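**Q** First the structure, then my questions, so here it is.
The values are calculated or read from the model by the stated rules, or taken from the named source; none is laboratory data. Small disclaimer: the values here were computed from a predicted structure and weren't measured. Heads up, the Cβs are rebuilt from the backbone with ideal geometry, glycines too, and the neighbour counts pull from every protein chain shown.
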Amino acid sequence: EDRDLIPDPEELREQDEEETLYTRRRRRRRSKSSDDANSASSQEESSDYTNANEDDLTSRRSRKQQYIDEITDIEGSTRLEAKRQRRRDNRRERSRQNLLMEQDFLARRENVERLMVVRERDRHTQISVIEDNILVEHYVSDIQEVATVGNIYLGRIQNVLPSMEAAFVDIGQARNGVLYAGEVNWDMARLEGQPRRIELAFKSGDPVLVQVTKDPIGHKGARLTSQVTLAGRFLVLVPSGGMTGVSRKLSDRERSRLRAIVSKIAPKDMGVIIRTAADGASEESIEKDLDSLVKQWERIEAKREEYLHGKRPKLLQGEPDVAIRVVRDIFNDDFQKLIVEGEGVRQRIDEYLEMMAPDLRSKVEYWDPAEHEGKDVFDKWQIDSQLRKGMERQVYLPAGGSIVIDRTEAMTTIDVNTGRFIGRGKSLEETVTRCNLEASEEIARQLRLRDIGGMVMIDYVDMVMPANRDLVLRRLLECLARDRTKHQVAEVTSLGLVQMTRKRVGQGLVEAFSEECPTCKGRGFILHDEPTVSSEYADPYALKGGDPFVKTNKYGHGSATEQPAPVKQQGSSAEVRAKLARIAAASVITDAAHKYEEETQYSNFLNSDKESVSSKADETGETADAGETAETSEVAETSEADKTSEELIENNLEDTTQEIAGYTSEQPAQEPAQEPTQDATQETTQETTQETTENDDCASE
């Protein structure tokens, strides 16, 4: 410690050099200031005066006023500017990402065995997509439900909010739809050089052609857009656009081939988007799909002109039910089979495939429960059990780890835990990385299965090496490549979190199979008027909050809580006890009958010996005397055997009556239930005594 107090000579030298440099700089500044003092004296006085005034003004203003002064406004629409920024960010990310090679594309699509299972039961239709015998997507709909996503309405503007840059549109539903400025078709607005603001484009009561993009969720109405699109099997028609787009999930060679085909047949004033399902489609099928979409748009235009001057909103075109939409959007050559249970949904699918895709009808199979011993089509692939696991909060990984999924109003959080996974690697970094890689595959599956939309935050187990973080992120992107819903994955944040967004389309799997708890209103806990904190918890961490999802004896207040009294079984009814008594008595009677048969056989054997002895006694008197003595002895033995049989029967009856009495004493007292048991026992004892007396008479005779 004393040595540490002695200064180092090298440190002293460095301090001396710094002091000399500082003094030289000060001398130079003084010389310069003295030379320029006369010329700049007036300017310094004026600047000091202005700075003093500014300081006084800032000191007088409050913090709120200073904060308001720093806000910068945007020229035009805020939503349009945000849309432009998102497009710029997407372009930068696409330029950073490597181009998808054709061999990678083919390997990704051919190495998976895909099946589609459709079941129609009662009022609901359920469609499941299975990849390698694992459930990855599930769709549920009510047969009588009116589909809204994709519907085209001629609505009426109810009111316009310039501050929110949104307009509320009446489309004939319980709640008005919302049309934001970023979803307005400005070519049809005819502003003629005016800025693109929604209050200038629409007024209350104006008719507007809109299409539903999102279903009503919670307290929010349906999301609308005036940029109408018509979806087909291979193409998407954009009547208000003139651009041709191709899906990025296709290879470069296929993209160029399809773009060349569409450029020949596409209308001049309309845009066309080529879907992923068009991979390998022929030119004739693409042209047929485009012609049907153009005819649909012509019918919509005719209806619009017909109902344009009406006062009520009108549905111009509705989307088909969920089964037809899923078959149209997903079912293609990549699927091996389409298994259908239900006659009604089978007819609808056959009619659609016969009209739009006749080449896929050979893959459709009908499931008849009568031919499979009454088994449901979901039982073969255990879809119901996989659905129950998909709705749980915690999902366990095959190696022992787990992921925890929580949904909030703002986002969905996913936490990765190692759990029982200890690994076999050389270091902790390798063990953690393997757990994160396995979790990435399961997270991608759960996002598709639960149809989670909005912002998603993934908290992986902390990794030290940047190369491992990139490996986990790349694995997540590869697994999400099978997801047809639009998504975007950001880089890993400074806290080790992965941010991503996924388009919210439906209500989700959990919402389709659940309802809000009426007690806690969906919060997951019950509030009390008085505090529930106690120092007598068995869990020492429960006093400071602990884990809210770990069960403790919080309401027992103490580790030595009294055990609850064992619940007594409810007493049986009088009929049940009477049957038990009859069964017990019948068992006793059968046992006595078996014993009596054995005794009668033995007595018959003795009688036969007696007759032989008496016949011989007639010949000789000496033998007669011996036969009489033997007969008397045998009769005595048979009488003794009869007595012993009577005693056995009486003992068995006493044992059974005692057992029945003990059984009834254990049951709770019931007055009407005791009488039939006593009567039954008396009847059985009387019957047994009568049978024994008859047997004794027979034996004596």
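**Q** Within the bounds of region 131-147, is there any residue that is of a type in the set (Phe, Trp, Tyr), closer than 24 Å to Asp451 by Cα and touching a residue at least 24 places away in the same chain (Cβ under 8 Å)?
**A** First, pick out the residues of region 131-147 that are of a type in the set (Phe, Trp, Tyr): 139.
Add one more test, that the residue is closer than 24 Å to Asp451 by Cα, and what stays is 139.
Still in the running and touching a residue at least 24 places away in the same chain (Cβ under 8 Å): 139.
So far as region 131-147 goes, yes, one or more of its residues are of a type in the set (Phe, Trp, Tyr), closer than 24 Å to Asp451 by Cα and touching a residue at least 24 places away in the same chain (Cβ under 8 Å).
**Q** Right, another one. Residue under question is Val212, and the condition is that it be assigned to a strand (DSSP E or B) and either in contact with a Pro (Cβ under 7 Å, 6 or more places away or on another chain) or at pLDDT below 95 (or both); does it hold? Walk me through how you get there before you give the answer.
**A** On the way: assigned to a strand (DSSP E or B): yes; either in contact with a Pro (Cβ under 7 Å, 6 or more places away or on another chain) or at pLDDT below 95 (or both): yes.
Yes, satisfied.
**Q** Give me the residue from region 438-459 that is surrounded by 21 or more Cβ atoms within 10 Å (Cβ to Cβ) and part of a strand (DSSP E or B) and, out of that set, nearest to the chain's Cα centre (by Cα).
**A** Only one residue fits best here, namely Val456.
**Q** Could you check Gly496 against (1) modelled with pLDDT of 60 or more; (2) among the small types (Gly, Ala, Ser); (3) surrounded by 14 or more Cβ atoms within 10 Å (Cβ to Cβ) and say which number it fails?
**A** (3)
**Q** In region 155-200, how many residues are over 42 Å from the mean Cα position of the chain (by Cα) and crowded, with 19+ Cβ neighbours inside 10 Å?
**A** The number of residues fulfilling the criteria is 0.
**Q** While we're here: Under the condition of being surrounded by 15 or more Cβ atoms within 10 Å (Cβ to Cβ) and not polar (S, T, N, Q), which residue from region 367-388 is farthest from Ile349 (Cα to Cα)? Don't jump to the end; show me each part of the working.
**A** Just the residues of region 367-388 that are surrounded by 15 or more Cβ atoms within 10 Å (Cβ to Cβ), to begin with: 367, 377-378, 381, 383, 386-387.
Filter once more, keeping what is not polar (S, T, N, Q): 367, 377-378, 381, 383, 387.
Values: Trp367: 14, Val377: 17, Phe378: 19, Trp381: 22, Ile383: 21, Leu387: 24 Å.
The residue in question is Leu387.
**Q** Next up: Of all the residues that make up region 390-408, how many are surrounded by 13 or more Cβ atoms within 10 Å (Cβ to Cβ), in contact with a strand residue (DSSP E or B) (Cβ under 8 Å, 6 or more places away or on another chain) and not in a strand (DSSP E or B)?
**A** Final tally of qualifying residues: 3.
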